[in-house]
1. With the requirement that a residue be assigned to a helix (DSSP H, G or I) and at pLDDT 70 or above, what does the stretch 49-84 give you?
2. Does residue 280 satisfy the condition of being more than 30 Å from the chain's Cα centre (by Cα), at pLDDT 50 or above and surrounded by fewer than 20 Cβ atoms within 10 Å (Cβ to Cβ)?
3. Any idea how many residues of the stretch 165-204 are free of Cβ contacts under 8 Å to residues at least 12 places away in the same chain and closer than 30 Å to residue 217 by Cβ?
4. Condition (residue is surrounded by fewer than 18 Cβ atoms within 10 Å (Cβ to Cβ), in a loop (DSSP other than H, G, I, E, B) and out of contact with any strand residue (DSSP E or B) (no Cβ under 7 Å at 6 or more places or on another chain)) applied to the stretch 182-189: is it met by at least one residue?
5. Determine whether the stretch 294-310 contains at least one residue that is assigned to a strand (DSSP E or B) and either in contact with a strand residue (DSSP E or B) (Cβ under 9 Å, 6 or more places away or on another chain) or surrounded by 15 or more Cβ atoms within 10 Å (Cβ to Cβ) (or both).
6. Show the residue pairs that are 6+ apart or on different chains and have beta-carbon atoms under 9 Å apart, the first residue being within the stretch 136-149 and assigned by TED's automatic domain parsing to the domain that holds residue 34 and within 14 Å of residue 98 (Cβ to Cβ), the second being assigned to a helix (DSSP H, G or I) and modelled with pLDDT under 90.
7. Tell me, yes or no, whether the stretch 177-186 has at least one residue that is over 24 Å from the mean Cα position of the chain (by Cα) and on the phi < 0 side of the Ramachandran plot.
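The values are calculated or read from the model by the stated rules, or taken from the named source; none is laboratory data. Because the structure is a prediction, the values reported are computed rather than measured. Note that each Cβ is placed from the backbone with ideal geometry, even for glycine, and that neighbours are counted across all protein chains shown.
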């Protein structure tokens with residue numbers, strides 16, 4: 001039997017040494033002897049250790065943003081009794097789940113700190129004092145495995161949440177999530193009486209890219225374009241993909257002049273540098289429709305931006321148009337560098353004319 005236990009112990013030690021991750025431990029104990037017994041063991045096994053000496057300090061430690069994977073709690077902890085503290089921890093539903101080991105010297109079945117009562121409060125393991133080194137290591141090994149599973153589940157949930165709200169191709173917001181945020185931004189603009197501009201951007205002749213370079217080539221263009229957009233926009237701007245090659249940008253606090261400037265920047269980020277498609281490069285231009293929210297329904301403003309985008313397409317593309325039609329003193333007087341198109345039709349600089357062509 002002794003040889004069997006020794007073999008099991010050695011196997012556990014080797015398994016623990018191979019563990020990919022040794023979780024941090026919060027040791028909640030006021031007993032100096034217990035601290036002196038456990039701290040060296042835990043550190044020797046590779047666990048970062050933080051020690052608190054009363055229940056209030058433990059609750060404060062658990063309120064920090066970074067969670068503690070493992071809690072070793074002395075049932076006789078002063079400040080808050082160990083079992084009372086466990087009940088308090090159960091009420092903290094937003095706290096990330098920690099593996100809790102309760103240390104108790106209560107052996108009688110009727111004691112409130114007995115194992116059955118402790119497990120009712122969500123304790124993961126109960127160890128008797130003085131703590132057996134082997135039992136503690138078994139519990140910590142279980143904690144390591146459980147915390148690894150928690151981390152994997154958290155990552156999976158985060159990935160699922162991201163995919164539910166973002167476009168899988170570009171990583172930008174999808175249409176549904178974009179509309180939800182547009183309503184929130186509109187409410188904020190109404191409360192604060194602030195500006196909110198919508199810029200609807202559509203790539204010119206994108207169907208030609210799919211036709212001549214295949215859908216994979218078109219996907220490469222869209223991914224590169226999304227990456228460029230992220231570099232140009234402010235952290236609090238809202239951008240999403242709302243069509244095959246159509247993107248909507250909502251810019252809080254953006255005046256007419258700000259919107260004009262951003263439209264020029266977005267146009268330039270599309271046209272100034274070619275897109276890499278496998279062994280070839282391709283130049284693109286974009287048309288932009290702009291509308292101001294004024295605190296109105298985002299659906300209404302979006303329709304206005306679509307109307308303005310249609311006017312930009314009719315003008316030959318590679319330009320921006322406002323809703324309503326701008327007066328000569330405003331957007332209609334913007335020169336070609338600022339995306340305006342003269343009444344006679346599109347007028348592009350030589351470089352812009354080249355950018356509109358799609359090399360085969």
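1. Within the stretch 49-84, the first condition is being assigned to a helix (DSSP H, G or I), and the residues that meet it are 55-62, 82-84.
55, 56, 57, 58, 59, 60, 61, 62 - these are the residues of the stretch 49-84 that are assigned to a helix (DSSP H, G or I) and at pLDDT 70 or above.
2. Numbers: more than 30 Å from the chain's Cα centre (by Cα): yes; at pLDDT 50 or above: yes; surrounded by fewer than 20 Cβ atoms within 10 Å (Cβ to Cβ): yes.
Against the criterion (more than 30 Å from the chain's Cα centre (by Cα), at pLDDT 50 or above and surrounded by fewer than 20 Cβ atoms within 10 Å (Cβ to Cβ)), residue 280 qualifies.
3. Total meeting the criteria: 3.
4. Start the filter on the stretch 182-189 by keeping residues that are surrounded by fewer than 18 Cβ atoms within 10 Å (Cβ to Cβ), which leaves 183-184, 187-188.
Next cut, in a loop (DSSP other than H, G, I, E, B) only: none.
There is no residue in the stretch 182-189 that is surrounded by fewer than 18 Cβ atoms within 10 Å (Cβ to Cβ), in a loop (DSSP other than H, G, I, E, B) and out of contact with any strand residue (DSSP E or B) (no Cβ under 7 Å at 6 or more places or on another chain).
5. Residues of the stretch 294-310 that are assigned to a strand (DSSP E or B), as a first pass: none.
The answer is no; no qualifying residue exists.
6. 140/16; 144/16
7. In the first step, residues of the stretch 177-186 are kept if they are over 24 Å from the mean Cα position of the chain (by Cα); the result is none.
Checked against the condition, which is being over 24 Å from the mean Cα position of the chain (by Cα) and on the phi < 0 side of the Ramachandran plot, the stretch 177-186 yields no hits at all.
For every residue, the table says whether it meets (1) modelled with pLDDT under 95; (2) in contact with a strand residue (DSSP E or B) (Cβ under 6 Å, 6 or more places away or on another chain).
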position: 222; (1), (2): no, no
position: 225; (1), (2): no, no
position: 231; (1), (2): yes, no
position: 235; (1), (2): yes, no
position: 238; (1), (2): no, yes
position: 242; (1), (2): yes, yes
position: 248; (1), (2): no, yes
position: 252; (1), (2): no, yes
